[in-house]
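Notes to accompany the following structure.
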Amino acid sequence: QAIYLSDYRPPAYRVEKTELTFDLDSHATRVKARLKLQRHPEYDAQAALTLYGHGLVTERVAIDGQTLLESEYRIDGDQLIIDQVPASCVLDTEVVIDPANNTALEGLYVSGPMFCTQCEPEGFRRITWYPDRPDVMAVFTTTVIGDRQRQPVLLSNGNPIERGELPNGRHFVTWEDPHPKPSYLFALVAGSLECVRDSFTTMSGREVALELWVEAQNLEKTDWAMASLKRAMVWDEQAYGREYDLDLFMIVAVDDFNMGAMENKGLNIFNSAAVLANPQTTTDATFQRIEGIVAHEYFHNWSGNRVTCRDWFQLALKEGFTVFRDQSFSSDINSAPVKRIEDAALLRTLQFAEDAGPTAHPVRPDHFIEISNFYTLTIYEKGAEIVRMLSNLLGEETFRRGSDLYFERFDGQAVRVEDFVETMAEVSGEDLTQFMRWYAQAGTPQLAANGDYDAEQRRFTLTIAQRTPPTPGQDDKKPLHVPVRMGLIAADGQPIELILGGESYGTDTVLHLREVEQQWVFDNVDEGAVPSLLRGLSAPVRLEYPWSRDELSHLMRFDEDGFNRWDATQRLALMAIEEMMVAHQRGELMALDARLIEAFRHLLREPTDDKAVLAEMLRLPSEAWIAEQQSHVDIDAIHGARRAAIEQLADNLFAEFESVYHANQQTEAYAPTPEQIASRSLKNVALSYLVANGEPEALNMALAQYEADHNMTDVRAALTLLAHSDRADLGDPAIRAFGERWAHDSLVMDQWFATQVTRPQADALERVRFLMNHPAFSIKNPNRVRALVGAFTQQNRVNFHRLDGEGYRLLADVVIELNRLNPEIAARMIVPLTRYHRLDDKRQALMRGELERIRKENLSRNVFEVVEKALA
Ligand code: ARG
Ligand code: ZN
């Protein structure tokens, strides 16, 4: 059932031109396709033509105008095979599809009042018979026919070239996309939509019309995405020399969408949650997320569309590079260290967990059963880290020369990861053969570092060893080329000049670890130097170094790398919490290390111009990250110890948190600027500590902030504190009022669902079951499922892992239902159930039991693949 990279063969037939006609109807859309085919010179006349299709009612297949008899072709599962066709011919097909019953949300489907599509990776085959693979690139012409009243707007890729009226209240628009593209970039949208227009002048002086299409009620939520798009367009010109290549760029917001958004050529389709925003309804975090996703999809126009992937094993070629590009964009226009902290935290908690679990896979997998399962943190985030390492290894300028050459050389082609890396090797003269292993080896490499000081010689010796643990199907790992950015901090807090082999490397350098173990000897170092290692998380690895708590406090204060100041704080807090976990397990009193309290006191008292980083430093490591460090995960001890640490910090530093809270009140009008976001973030962290202290006074502050109703960031922060407190007399009315006020806005209702089911109290699971019957909930809408079930299973660890197994049962019930409706979402939702390997026996048995129960169902390929791996 699995497909292997090593089986790759170029397609026997290319498509030079694709002409499509859609006659839209909710239950019976007729799709006519005319493909101009050309046999590949490597193949002979015996080469069969293979087309892919899924769920199509086939009404006609014709070659060069001759309708084929059913005996002249065969349909085998998802393939239509014609044994012999001329070297150059025209294929006509006619099929009927049912968009209204398409709950998988792949191909053409209905979302609210509109028709829309999602074709990546293999959705196009649910629309028509086609060589649906990314290495088949064609020029598309698309005619969309719809009802004048119900579908006044008819969109597809490229430029509109013709429109007109038809009998029976129908009308049509014909679109032409001059850029050859694979079928996964095809898009169609039709419905009753409103448009916000703007324009952009490119660096060469071309005028591009920008259009943002939304349902009427969302018109007041479009400003931010439009502004973000223009920022992204400027940035890509400046940072990468990439200019937009059509006269029109469209974005459409749809409510039912499996992922965040999709980079269809000239017609990006977005999950409304990833594009619509305004201060009353949207939090700072979502503003920033939208900015990043709008940029991401736009950047794909070059990294993905102009240069695309040869096959789906190369997915990280476009995704890793594009994520790296959107991260750099966000970092340039917001707080750079905080952006890095957020990205690194995501990688270290969720991607490391993926690497350590049953679905671990290389950034370039070598086989899969269902490609939709591979839109993972490993492909996206670790993929981006690999590109980041390349950029750091080569230096920004050389990297830019490499990317220029890559775009120039492979423009209009479908290529492989090698093509990208070899271009970088060529421009830099670096040997990147060992580096390529990053794409092939799964698992998170572990670095064990040690320092040794020789007082007589005034030498500091740093030893670093590397090892990548085995992952399913990959037992032996070879050493990787790991860039380790580092510095040494002197006892007085000053950076030390790094002298290696008589040469000076300044105060910050990158060590190249290539062997299983390597040593570096730094000369002229005074006693008491503390190494700062892996600055900015210079490689996607775990690092151990025997820092003492005093050394960590030293790094917290003096490291000039903001990221490592944060990392030192996390490490110090982790040590303190782990010691409290032991006390928890022994039933002893959990006392928080006084050094952490003092370090926090220092942070809170010292004036800082980097509030954004300070806010991050004040957040204790998440339960997920703490769990990542344990060989045996004790859910309750982690939760209890972390909670106790927060309370003790709050008790000891109440006055400090209070003054930070007051000092960061805002009077100006809300704007999602980095400065405002930083003070809100700091203020709301402070408030969370104040509330944790349990003083009624603090809850009243939260209530006042909630009622002040200044902006959604502050409202949501306050609402969460109220709803997660034990004071039902405050939480319940706030939740009720919020739900009534926002009943008309599904994106805000998603926040409302998530806020309720992430409360730590024991009734959270009952709330999930209760809210699943709420009229605003629908299992068919992925955003609702994520807000309710996803938030509960992924962010409420104590309750999901309840010892009575009810959390697991709930998730399995949902997965079984989703398996029939939307397999892609089902396979995503099931993941928490597969992460049982380091839990206690009781929970392991319960989780495996639920997986076994799911296995008995008639499983989609998506869920089958995950369940088989999990139970292997
Ligand atoms: N290429 C899209 C993006 O990263 C994601 C599409 C994912 N599609 C899917 N069926 N999982 O922007
Ligand atoms: Zn992408």
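To the nearest 0.05, how large is the calculated FRET efficiency for I3 and E237 if R₀ is 41 Å and r is the Cβ-Cβ distance? It comes out at approximately 0.60. Residues of segment 100-139 with backbone nitrogen within less than 16 Å of a virtual label 7 Å along the Cα-to-Cβ line of T58, please, listed as ranges. Backbone N within reach: 125-132. Sparse packing (at most 10 other Cβ atoms within 10 Å of the Cβ) combined with a DSSP loop state is found for the following GluC sites (Glu not before Pro) in segment 653-686: E668.
Put a dot 7 Å past the Cα of H602, heading toward its Cβ, do the same for D83, and the two dots end up 8.0 nm apart. What is the Cα centroid distance between segment 325-404 and segment 684-719, reported in whole angstrom? Spelled out, the Cα-based centre of one part sits 35 Å from the other.
Against the 2.2 N^0.38 Å scaling, with N counting residues, where does segment 473-593 land? I'd like the Cα-based Rg ratio to two decimal places. That ratio works out to 1.25.
All alpha carbon pair distances within segment 613-732 were sorted into 5 Å bins beginning at 0; the resulting P(r) in whole percents reads 2, 11, 20, 22, 19, 14, 8, 3, 1, 0.
Kirkwood radius and radius of gyration were both taken over the C-alpha atoms of the chain, and their ratio Rg/Rh is 0.97. Averaged per residue, segment 134-182 has 41 square angstrom of accessible surface, using a 1.4 angstrom probe with ligands and nucleic acids left out. Taken about its Cα centre, segment 59-193 carries a charge dipole of about 540 debye when Lys and Arg each add +1 at the Cβ and Asp and Glu each add -1 at the Cβ. A full extension of the chain between H774 and D813 corresponds to an added length of 12.3 nm, given 0.36 nm per residue minus the alpha carbon distance.
Of all complete DSSP H helices in the chain, those with a Cα span along the helix axis of 30 Å or greater and a mean Kyte-Doolittle hydropathy of -0.5 or more are 562-586.
Only helices enter the 222 nm calculation for the chain: every DSSP H run of n ≥ 4 contributes -39,500 (n - 2.57), and dividing by all residues gives -12000 deg cm²/dmol, rounded to 500. Spin-label pair I161-R557: with each label point 7 Å from Cα along the Cα-Cβ axis, the two points sit 7.1 nm from one another.
For segment 453-470, list residues with backbone N below 15 Å from a point placed 7 Å from the Cα of D550 toward its Cβ? From segment 453-470, the list is empty.
A compact globular protein would have a Cα radius of gyration near 2.2 N^0.38 Å; the ratio found for segment 555-674 is 1.16.
Ranking L803, T755, H774 by how far each Cα lies toward the positive end of the dipole of segment 755-829 (charges on Cβ) leaves T755 at the top. What FRET efficiency would be calculated for the residue pair E497, E396, taking the C-beta separation as r and a Förster radius of 35 Å, to the nearest 0.05? My answer for the efficiency is 0.90. With respect to the cross-link table entries K32/K265; K181/K221; K382/K842, which display a Cα-Cα separation exceeding 27 Å? In this structure, K181/K221; K382/K842 exceed 27 Å between Cα atoms.
Taking the alpha carbon gyration tensor of segment 233-274, multiplying each eigenvalue by 5 and rooting it gives semi-axes of 24, 12, 7 Å, largest first.
Were the residues from K17 through R150 laid out at 0.36 nm apart, the gain over their Cα-Cα distance would be 44.8 nm.
R0 = 22 Å: FRET efficiency of L589 with D763, Cβ-based, nearest 0.05? Approximately 0.20, to the nearest 0.05. Contact order normalised by length for segment 76-193, with contacts defined as Cα pairs under 8 Å and 6 or more residues apart; what percent is it? Relative contact order here is 27 percent. Taking Cβ atoms as reference points and 13 Å as the exclusive limit, the residues near A353 contribute a net charge of +1, counting Lys and Arg as +1 and Asp and Glu as -1.
Sorted on the mean count of surrounding Cβ atoms within 10 Å across their residues, most packed first, peptides 130-142, 853-865 read 130-142, 853-865. Computed over the chain, relative contact order equals 8 percent, with contacts defined as Cα pairs under 8 Å that lie 6+ residues apart. Look at the alpha carbon pairs under 8 Å that are at least 6 residues apart: their mean separation over the length of segment 124-176 gives a relative contact order of 35 percent. With a simple spin-label model that places each label point 7 Å from the Cα along the Cα-to-Cβ direction, the separation between T667 and R848 comes to 6.4 nm. For segment 549-610, the percent of C-alpha pairs falling in each 10 Å distance bin, counted from 0 to the bin holding the largest distance, reads 22, 46, 23, 8, 0. Residues of segment 240-268 falling in the label zone of D404, defined by backbone nitrogen less than 16 Å from a point 7 Å along Cα to beta-carbon, are 240-243.
The values are calculated or read from the model by the stated rules, or taken from the named source; none is laboratory data. Not measured: the values here are computed from a predicted model. All Cβ positions, even for glycine, are placed from backbone atoms using ideal geometry, and neighbour counts span all protein chains on display. Accessible surface areas use protein heavy atoms only, side chains included; no ligands, DNA or RNA. Shrake-Rupley method; radii C 1.70, N 1.55, O 1.52, S 1.80 Å.
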